[in-house]
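Below you'll find the structure, written out as structure tokens, and then a few comments.
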Amino acid sequence: MSEEIKKFKITIDGQTTEVLPGTSILEAARQIGGKLVPPAMCYYKPLETSGGRCRTCLVEVSKGSDADSRPMPKLVASCRTGVMDGMEVKNLTSEKAQEGRKAVTEFLLINHPLDCPVCDQAGECHLQDLGYEHGVEATRTEFERRTFEPEDIGPNIKLHMNRCILCARCVLAANQLTEEREHGILFRGEHAEISTYLNKALDNDFIGNVIDVCPVGALTDRTSRFASRVWFTKPVNATCKCEKCSGKAVLWMKGDEIVRVTARKDQYDEIVDWICNECRWERKDIKFWDIEGPRHIDRHSVISLNHYEKPKNMVSLLDNPDAKELSPKDEIESEEKTENNFKLM
């Protein structure tokens, strides 16, 4: 009989779980779930060697383990730090971790342009969420931002290097899904950029997945460029007969029109099934697909929050102390009054 592997016990923000040895703090937090899960801009579970680049998942380890209860002196990247038995971690309950995340967010936004009003990633962008939660009102930097011209790195892929945060997800995805390395990170430091070798086009059968793994709007789909805001489209699960991939995808519909096709993702925005370029770009007609039903978006985004509707039970502070915040009851009464006014006209 094989020996039973002893699991490690870890406590994150007061909630305890048991995980297998070798599990990272981030994966342990995901096992617990909820708001205590640190954000991750570069870590991507399906991609080998991902993580450790963006530092947005910083947490405070208040107790190293049962064997050595000393706290770790500095914040650690939860995606790259392994769990020890008896470890205690603070994320939301740590002021130090929140300040560190705020500083990292400011660094990520130093060269990032204010493209949200025109960016196709708006509404499902991880950096947009971080900027909203931890961003400062104005930049403290006075030097000029580095700028790049938009570049076509494939017949259907547009690269906006101005928006790139160098998470390297697209490079790792290309290395894992393709036989030949066609693009990577060139140069070093502030001169580093994503590019192809001598402007070579990315044309592998599965290269379209680099768009889906990008956490920001650096890589976008040229076929759906400026076609529609994501919150104006309806995502549906659909399948098709494909010899190259599983044929399982998400269709983003606007009426009867397919605006774009993406791979299916989990609640942490990580791809479940990779799809080929043929499914992504050459099957934009509804006749190729069998519709399964509406797609429920699990991750925190504009879509999952029912567009810009205020979440229920949300507490908000009003600047005017004499003002009264509208409740659902007030909104219903207002709609009834409006209907009655129309009837009198």
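The values are calculated or read from the model by the stated rules, or taken from the named source; none is laboratory data. These figures come from a predicted structure and were not determined experimentally. Methodologically, a virtual Cβ is constructed for each residue, glycine included, from the backbone with ideal geometry; neighbour enumeration extends over all protein chains shown. Protein only, heavy atoms only, side chains kept; ligands, DNA and RNA dropped before computing areas. Shrake-Rupley method; radii C 1.70, N 1.55, O 1.52, S 1.80 Å.
Some points to look at:
- Checked against (1) within 20 Å of ARG101 (Cβ to Cβ); (2) open to solvent by less than 30 Å² (accessible area, probe 1.4 Å); (3) acidic (Asp, Glu), GLU182 passes all but a single condition, namely (1).
- Members of segment 77-104 that are outside any loop (DSSP other than H, G, I, E, B) and in contact with an Asp or Glu (Cβ under 8 Å, 6 or more places away or on another chain): VAL89, LYS90, LYS96, ALA97
- Residues of segment 13-27 that are touching a residue at least 60 places away in the same chain (Cβ under 8 Å) and either more than 16 Å from SER78 (Cα to Cα) or touching a Ser or Thr at 6+ places or on another chain (Cβ under 9 Å) (or both): ASP13, GLY14, ILE25.
- Answer from ILE275, ILE258, ILE194 - the residue that is outside the structural domain of SER50 (by the TED database), in contact (Cβ under 8 Å) with a residue 60 or more places away in the chain and under 25 Å from ALA122 (Cβ atoms): ILE275
- Some residue of segment 34-57 being open to solvent by less than 60 Å² (accessible area, probe 1.4 Å), outside any loop (DSSP other than H, G, I, E, B) and in contact with a helix residue (DSSP H, G or I) (Cβ under 9 Å, 6 or more places away or on another chain): no
- Scanning segment 213-256 for residues that are farther than 24 Å from VAL171 by Cα and either open to solvent by 20 Å² or more (accessible area, probe 1.4 Å) or assigned to a strand (DSSP E or B) (or both) yields a total of 21.
- Close pairs (7 angstrom Cβ cut-off, 6 or more residues apart or separate chains): in contact (Cβ under 8 Å) with a residue 12 or more places away in the chain in segment 154-167, polar (S, T, N, Q) and open to solvent by 30 Å² or more (accessible area, probe 1.4 Å) anywhere: ASN156/THR223; ASN162/THR147
- Test result for LEU36, more than 25 Å from CYS214 (Cα to Cα), within 21 Å of the chain's Cα centre (by Cα) and at pLDDT below 95: no
- Just one of the listed residues (ILE12, ILE25) is buried (at least 17 other Cβ atoms within 10 Å of the Cβ) and over 30 Å from CYS170 (Cα atoms), and it is ILE12.
- Residue in segment 271-292 that is at positive phi and modelled with pLDDT under 95 present: no
- Qualifying residue in segment 67-74 (condition: outside any helix (DSSP H, G or I) and either surrounded by 20 or more Cβ atoms within 10 Å (Cβ to Cβ) or of a type in the set (S, T, N, Q) (or both)): yes
- Test: residue in segment 27-46 that is hydroxyl-bearing (Ser, Thr, Tyr) and under 16 Å from HIS134 (Cβ atoms): no
- Looking only at residues in segment 147-170 that are buried (at least 16 other Cβ atoms within 10 Å of the Cβ) and within 18 Å of CYS276 (Cα to Cα), the one that is nearest to the chain's Cα centre (by Cα) is ARG169.
- Cβ pairs under 8 Å, 6+ apart, first in segment 63-74 and farther than 13 Å from LYS90 by Cα, second aliphatic (A, V, I, L, M) and open to solvent by less than 80 Å² (accessible area, probe 1.4 Å): SER65/MET87
- Answer residue from segment 81-118, given it is open to solvent by less than 20 Å² (accessible area, probe 1.4 Å) and out of contact with any His (no Cβ under 9 Å at 6 or more places or on another chain) and is nearest to ARG163 (Cα to Cα) among those: GLY100
- Candidates ALA173, ALA201: the one that is of a type in the set (Gly, Ala, Ser) and open to solvent by 40 Å² or more (accessible area, probe 1.4 Å) is ALA201.
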